[in-house]
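The values are calculated or read from the model by the stated rules, or taken from the named source; none is laboratory data. Everything numeric here is computed off the predicted structure, so don't read it as measured data. So basically every Cβ, Gly included, is an ideal-geometry build from the backbone, and we count neighbours across all protein chains shown. In case anyone asks, the SASA skips ligands and DNA or RNA and just uses the protein heavy atoms, side chains included. Shrake-Rupley method; radii C 1.70, N 1.55, O 1.52, S 1.80 Å.
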Amino acid sequence: APQVQSEGAALIDASTGKLLYGKNENTQFYPASITKLMTALLVAENCSLDEVVTFSEAATTNLESGAVTLNLTAGDQLTVEDCLYAMLLVSSNQAANALAEHVAGSRDGFVEMMNQKIEELGCGESRFANPSGLNDDNQYVSPYDMALIARAAFSNETLLTIDSAKTYEMPATINNPDGATIQMEHRLLVTEDPSSEFYCEGAVAGKTGYTSLAGNTLVTYAKRDGQELIAVVLKGSQPQYYLDSKTLLEF
């Protein structure tokens, strides 16, 4: 069996959902920003990519220190597609909030949709309290549940395309009048040097996460020789959580 240092882990066959390896796979952990895979799934199921999202004051303010990546502000307008790239590549919490409000009219309404969706997916050990993954005592997932959520997300071709991108050109916004080039944060997806410890042949898509309570969290979808796998690690540390994920996929 693989040696995994992160406190929670699950490896599933993406085509069947079968659990191939687990470590505390039914234990509840804080998810951090891998929550955004659930948010993205609901957005993709309820919106067209060209719909315009208007950012509210509530969506862009009152975030934890260090929780702002693109410095979006009230009045900014981006398409749903722009917001999904911002949310999945550089983990924009503001984009997650704005998308939630766009879909459901309020973040609370969107959270209700999130919890209904995980029931549909058979995730019995998880609960969501916000669309971004920021710290909340009432937001938790098990590694196996998170793998099932990721499986649903990556089964959506639109999300898989977006979450496989290495870079994306963001349009102009109020605070970024020249636009911005954003780059995927997930190191297993962007490392191309086979000699690097972070090189993972076949890694396609995924999502990083970190908060003070959750530690480092990671979801990785990989495809090699006709086999599709999803690895989840929870309550990990930097950079070991990447190496744990690679170990699971190689196993």
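Quick notes on this structure:
- Residue match in the range 175-195 (condition: surrounded by fewer than 24 Cβ atoms within 10 Å (Cβ to Cβ), among the small types (Gly, Ala, Ser), touching an Asp or Glu at 6+ places or on another chain (Cβ under 9 Å) and under 15 Å from residue 89 (Cα atoms)): yes
- Residue that is nearest to residue 84 (Cα to Cα) [pool: residues in the range 1-24 that are surrounded by fewer than 24 Cβ atoms within 10 Å (Cβ to Cβ) and out of contact with any Asp or Glu (no Cβ under 9 Å at 6 or more places or on another chain)]: 17
- Taking the range 37-88 as the range and being small (Gly, Ala, Ser), open to solvent by 40 Å² or more (accessible area, probe 1.4 Å) and closer than 24 Å to residue 213 by Cα as the test, the residues that pass are 58, 65, 66.
- In summary, strands (runs of 3 or more DSSP E) completely within the range 173-232 and bearing 3 or more residues that are farther than 30 Å from residue 72 by Cα occur at 215-224.
- For residue 91: the one exception among (1) surrounded by 21 or more Cβ atoms within 10 Å (Cβ to Cβ); (2) part of a helix (DSSP H, G or I): (2)
- The one condition from (1) part of a helix (DSSP H, G or I); (2) at pLDDT 95 or above; (3) surrounded by fewer than 18 Cβ atoms within 10 Å (Cβ to Cβ) that residue 34 does not meet is (3).
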